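A quick write-up on the structure given underneath.
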Amino acid sequence: MKTTRRHFLGSVSIAGLTIPNIISSKAWAAKPSDTINLGFIGFGRMNQSHLNFFLGQSDCRVVGVAEVAKVRLAEAMKRVKGKYGSNHGCKAYNDFREIISDKSVDGVVIGTPDHWHAMPAIMAADAKKDIYCEKPLTVTVRAALETLKAARRNNIVFQVGSQQRSEFGGRFRKAVECIRNGRIGEVKKVKIGVGNPAVFCDLPTERKPDGIDWELWQGPAPERGFNKILCPIDVHRHFPQWRRYSEYAGGGLSDMGAHHYDIAKWAMNLDETIPVKVLPPKEGNSGLTMVYENGVEFVHESTADRFNDCVFYGSEGTLYVDRSGIDANPKSAVSSSFGKDAWRLEEIGGNHKRNWIDCIRSRKKPVADVALGAHTSILCSMANIGYQIRNEVMWDPKTYGCNSELGNKIANRFGRGEWKFT
């Protein structure tokens, strides 16, 4: 396959990277009795939940929160005070770099909009902080590779928030075990039912309210005027719609695709490679097919009757899984027990965030290690690129470049002003 590399990463190649199961010990070498000090970057919808969880962990201490909206920062500090009391010692920041420069912080929890995942993660990794980062890991291909490189060169424990690998009653784990054990025969096609690809942001400019650092919220994204749809002005319980726009995210395709493409590639033992071909439809937001070197196809479906699920099509049956359940035809594919010689996943407990803390102590790779999250993010980026280009695109799994000049430009996009890769 001929691959255009001029606009991509040059010498970057991750495919041959050897990744050990045990991550090298950090200088502080946590003992079981040690408290793990955590800093929070962002206090939107997801980090509200994460903060509540970690405040409840007896072996963790929240020592810092960074948030660009003053009302949300005040709410975070209120929750910290409610747990620890007035002498909580937790510091409040507008700028996340203050948390990264704090030597008392052992790990950071990143719960920002997607365009703000890569840069804080890279900076935190270079500061030797362990990381829990919301999914999808990044918006672009290059950002994913740069984040993975930073994590590996610093030997940190990096968990991506693809919690279907550990939670939801273990039904996704069971689906993976059924597929890997050949319960429905040879699988050559997986349909992934998630939302639409991203669109360009055309929201009107509104008056920016006091108490929001809009310039810092934009960060590496293209400069534009404020709109509360992108950055709510309150302590919100909904999921803000920056997710729809390609400047900040990958649409519904990436938002839930970061979960369901993740399960598809896990089940098919394709966790750390990428497809070689992307075939988008000429129009519409559904039907894009990605083809791997071994012939396995991932088909994106964004329709009313296909929502947040995976369907595996095998030579001897079909298996369906979503967050509410798992089913198969024949039923025995999921109902019968596994024999003693069956391929099984390692038991890691049923809480994704707790798995990260446990791995900080053991220095083992977590269940959704950064390499896995990076490749899931890249899959979603490739699909979005296909929908944008509307032509067949060939990809090279060694260079992560493609045969489209525009495709490479989109894949390599990242940064504005001071927020650029060197």
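Return a single number: how many Lys pairs in the range 168-258, at a sequence separation of 8 or more or on separate chains, have alpha-carbon atoms below 28 angstrom apart.
Close lysine pairs under the 28 Å cut-off: 4.
Label point 7 Å out from Glu405 along Cα-to-Cβ: which residues of the range 273-303 have amide N under 12 Å?
Under 12 Å, as judged by backbone N against the label point of Glu405, lies no residue of the range 273-303.
Of the lysine pairs in the range 325-422, how many meet both conditions: Cα atoms under 20 Å apart, and a spacing of 8 or more in sequence or different chains? Could you put the intermediate results ahead of the total?
On the way: Lys353/Lys364; Lys353/Lys365; Lys398/Lys409; Lys409/Lys420.
So the count of such lysine pairs works out to 4.
Ordered by residue, what ³J(HN,Hα) values in Hz, to whole numbers, does the range 228-241 give under the Karplus form 6.51 cos²θ - 1.76 cosθ + 1.60, where θ = phi - 60° and Gly and Pro are x?
5, 5, 7, 10, x, 9, 10, 7, 8, 9, 8, 9, x, 8
Using label points projected 7 Å from each Cα along Cα→Cβ, tell me how many nm separate Thr35 and Ser101, to one decimal.
Placing both labels 7 Å beyond Cα along the Cβ direction yields 2.4 nm.
Would you please calculate the Kirkwood hydrodynamic radius of the chain over all C-alpha pairs and express it in Å, rounded to one decimal? Numbers along the way, then the final one.
On the way: mean 1/r = 0.0454 Å⁻¹.
After inverting the pairwise mean of 1/r, the radius is 22.0 Å.
Give the relative contact order (percent, whole number) for the chain; include only Cα pairs under 8 Å separated by 6+ residues.
24
Divide, for the range 251-377, the radius of gyration over alpha carbons by 2.2 N^0.38 Å, where N is the residue count.
Rg over 2.2 N^0.38 Å, computed on Cα atoms: 1.19.
Debye sum, Cα scatterers, the range 338-380, no solvent: what log₁₀ I/I(0) at q = 0.14, 0.18, 0.31 1/Å?
Treating every Cα as an identical point scatterer, log10 I(q)/I(0) equals -0.46, -0.68, -1.02.
Once you compute Rg and the Kirkwood Rh from C-alpha atoms, what is the Rg to Rh ratio for the range 240-324?
Computed over Cα atoms, the ratio is 0.96.
Stokes-Einstein at 37 °C, 0.692 mPa s, Kirkwood radius from Cα pairs: D for the range 136-274 in µm² s⁻¹?
Details: Rh = 17.7 Å.
This corresponds to a translational diffusion coefficient of 185 µm²/s.
Could you calculate the FRET efficiency of Ser336 with Glu392 from 1/(1 + (r/R0)^6), where r is the beta carbon distance between them and R0 is 45 Å, rounded to 0.05?
Numbers: r = 41 Å, r/R0 = 0.91.
Result of the calculation: an efficiency of 0.65.
When a/c is below 1.5 the answer is rounded, else prolate if a/b is larger than b/c, else oblate, so apply that to the range 45-88 with a ≥ b ≥ c taken from the square roots of the Cα gyration tensor eigenvalues. Write down the numbers at each step before the final one.
Details: a/c = 2.04, a/b = 1.31, b/c = 1.55.
Oblate.
Just from its helices, what would the mean residue ellipticity at 222 nm be for the chain, if runs of 4 or more DSSP H residues each count -39500 (n - 2.57) and the sum is divided by every residue, rounded to the nearest 500 deg cm²/dmol?
-9000 deg cm²/dmol
Taking other Cβ within 10 Å of each residue's Cβ, how do Phe96, Phe421 sort, fewest first?
Final ranking by Cβ density, sparse to dense: Phe421, Phe96.
Pop out the ³J(HN,Hα) list for the range 287-298 in order, Karplus 6.51 cos²θ - 1.76 cosθ + 1.60 with θ = phi - 60°, rounded to Hz; leave Gly and Pro as x.
Calculated HN-Hα couplings, in order: x, 5, 10, 10, 10, 8, 4, 8, x, 5, 10, 10 Hz.
Quick one: of the DSSP bridges fully inside the chain, what percent are antiparallel, nearest 5?
Antiparallel: roughly 55 percent of the beta bridges in the chain.
Between Ala333, Ala342, Ala125, which gets the highest mean-square fluctuation from a Gaussian network model of the chain, Cα cutoff 10 Å?
So, out of Ala333, Ala342, Ala125, the one fluctuating most is Ala342.
Determine ³J(HN,Hα), in whole Hz, for all residues of the range 409-421 in sequence, where each value follows from phi through the Karplus function 6.51 cos²θ - 1.76 cosθ + 1.60 and θ = phi - 60°; x replaces Gly and Pro.
Values per residue, Gly and Pro as x: 5, 5, 4, 8, 5, 5, x, 7, x, 6, 9, 10, 6 Hz.
Values in this text are rule-based calculations from the coordinates and carry no lab data. As the structure is a prediction and not an experimental result, all values here were calculated from the model. Neighbour counts run over all protein chains shown; Cβ positions are idealised from the backbone, glycine included.
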